[in-house]
Amino acid sequence: MYRGDDDAIEVALASRRTRRGDLAWGLPKGLIEPGEDPSATAVREVREETGLEAEIVEDLGDISYFYVWEGVRIRKSVRFFLMRATGGDISLHDHEMEEVRWYPLEDAPGTTSFKSEREVLAKATAILKPGDRPAAP
């Protein structure tokens, strides 16, 4: 989820408490409801978790990871989309999130708690600021 253009792009990140009580910053995500399209899920979850309305710009692909829930190892796959904020208010985030903040695009990867989400943000940066990509060898 981003807003702005050119040199003033910001990314919305949301924080939640882990089961250990640590604060983890990351991108909004959630479960696809039965019969729901992944893009519709993304728009809904962004609205619920951040309070923001958004439109999809581009599909950023899937990531997969494992986590343990009540002693059971679970594999989760998440599809991410590059989304542009079109309205809403971050103060309207739901109870799952402790806080939602806007970060400058260049600061967002260092703020996220998970490597896989830093990689998603790198893809988004390459799309939003193609001139900032390193030159090919």
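Taken together, the values in this text are just the output of simple stated rules run on the coordinates, not laboratory data. No experiment lies behind these values; they were computed from the predicted model shown. When we count neighbours, we look across all protein chains shown, and the Cβ atoms used for this are built from the backbone with ideal geometry, even at glycine.
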Self-check item: Per-residue [θ]222 nm for the chain (sum of -39500 (n - 2.57) over DSSP H runs n ≥ 4, rounded to 500)
Solution: -6500 deg cm²/dmol
Quiz item: Can you work out ³J(HN,Hα) from phi for every residue in segment 56-67, in order, using Karplus 6.51 cos²θ - 1.76 cosθ + 1.60 and θ = phi - 60°, giving whole Hz and x for Gly and Pro?
Solution: 7, 9, 7, 7, 9, x, 9, 10, 10, 7, 10, 9
Quiz item: Can you list the lysines whose alpha carbon sits under 25 Å from that of K76, skipping same-chain ones fewer than 8 residues off?
Solution: K29, K115, K123
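Give the whole-number value, in cubic angstrom per residue, of the convex hull volume spanned by the C-alpha atoms of segment 35-89. Can you show the working numbers first?
Working: hull volume 5.4 nm³, N = 55.
Residue-normalised Cα hull volume stands at 99 Å³.
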Quiz item: What's the local net charge at D22, with K and R +1, D and E -1, over the other residues with C-beta under 13 Å away?
Solution: +3
Quiz item: Angle between the Cα long axis of helix 115-128 and the longest principal axis of the chain, 0 to 90 degrees, nearest 10?
Solution: 30 degrees
Quiz prompt | Cβ-based exposure ranking for W25, W102, W69, in which fewest neighbours within 10 Å come first | solution = W69, W102, W25
Quiz item: What per residue convex hull volume, in Å³, comes out for segment 1-107 when only alpha-carbon positions are used?
Solution: 118 Å³
Quiz prompt | Sum of side-chain charges, S77 neighbourhood, beta-carbon under 11 Å (Lys, Arg +1; Asp, Glu -1) | solution = +3
Exercise. Provide the net charge surrounding R101, with neighbours chosen by a C-beta distance below 14 Å and charges set as Lys +1, Arg +1, Asp -1, Glu -1.
Key: -4
Quiz item: Using Cα atoms only, what is the angle between the long axis of helix 38-50 and the major principal axis of the chain, expressed in degrees (0 to 90) to the nearest 10?
Solution: 80 degrees
